[in-house]
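Notes for the one structure printed next.
The values are calculated or read from the model by the stated rules, or taken from the named source; none is laboratory data. Fair warning: this is a prediction, and the values are worked out from it, not measured in the lab. Glycine gets a Cβ as well: all are built from the backbone with ideal geometry, and neighbour counts include every protein chain shown. Note: areas computed on protein heavy atoms with side chains; ligands, DNA, RNA excluded. Shrake-Rupley method; radii C 1.70, N 1.55, O 1.52, S 1.80 Å.
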Amino acid sequence: MSDFKRLYVEALLAANWEAPDWQQLEKTKEGEWLLERHSMTERLKACCSTLTVEVLGLHEVGKEVLSDNERDLLGDQACLVREVVLSGDDVPWLCARTLVPMSTLTEREQDIADLGAVPLGQRVFNQANARRDAIEVAHVVCEGQALLARRSRLWVNDKPMLVSELFLPHAPIYQEEG
Ligand code: PHB
């Protein structure tokens with residue numbers, strides 16, 4: 001992984017997640033992105049011709065590695081960690097790190113471990129019962145740049161995963177139109 005991509009993953013790990021101020025944020029363009037309850041992949045796809053996913057890492061972590069907060073949101077579970085960068089027309093837009101409890105990777109959800117370059121949202125929101133809750137936001141400084149991030153819990157067939165997303169400097173969230 002290139003140094004700059006590793007920096008983004010580390011910035012996500014260090015983020016200080018906070019409950020959003022819904023009333024204030026809902027009125028802003030950033031808020032439309034940060035508070036999106038449906039598929040972020042769909043929203044990004046609408047802003048480019050080709051959206052690509054590069055998998056930076058895929059590994060398992062024991063339940064002792066989870067923070068108290070992650071444990072509250074996911075349960076006391078060993079997890080698969082998926083780290084990706086999404087690019088719109090070859091420009092890196094989003095770095096995402098997802099914790100998928102092993103108990104989520106069962107039955108019809110086993111394929112989530114093998115998504116490769118298929119975006120997670122495309123797979124999850126294919127299912128009518130997919131939903132998102134526990135949205136939190138963070139301001140992250142990375143390489144001297146102030147960036148926006150969010151963390152949210154996705155449910156598929158009533159099984160959770162925790163998705164952290166860092167909007168990279170050229171992401172549409174920061175652009176006038178988008
Ligand atoms: C992923 O494929 O892991 C992924 C894609 C889009 C997101 C988050 C995660 O917004």
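Overview of results
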item	result
Amide H contacts under 5 Å for ALA78, placed H, 5+ residues apart	LYS63, MET102
Helix axis angle, 3-14 relative to the chain longest principal axis, alpha carbon, degrees	70 degrees
Computed [θ] at 222 nm, deg cm²/dmol, the chain (DSSP H ≥ 4; -39,500 (n - 2.57); rounded to nearest 500)	-5500 deg cm²/dmol
Linear extension gain, ASP72 paired with ASN129, 0.36 nm per residue minus alpha-carbon span	18.3 nm
Sum of side-chain charges, PRO119 neighbourhood, beta-carbon under 13 Å (Lys, Arg +1; Asp, Glu -1)	+1
Furthest towards positive pole of dipole, ALA149, THR104, LEU80, structure part the chain, Cβ charges	THR104
For the chain, accessible area per residue (1.4 Å probe, heavy atoms of protein chains only), Å²	49 Å²
Computed magnitude of the charge dipole of the chain (debye, nearest 20; Cβ of K, R +1, Cβ of D, E -1)	280 debye
Surface/4 of the Cα convex hull for the chain, nm²	9.9 nm²
Nearby lysines by direct alpha-carbon distance to LYS45 (threshold 22 angstrom, same-chain neighbours under 8 apart not counted)	LYS5, LYS29
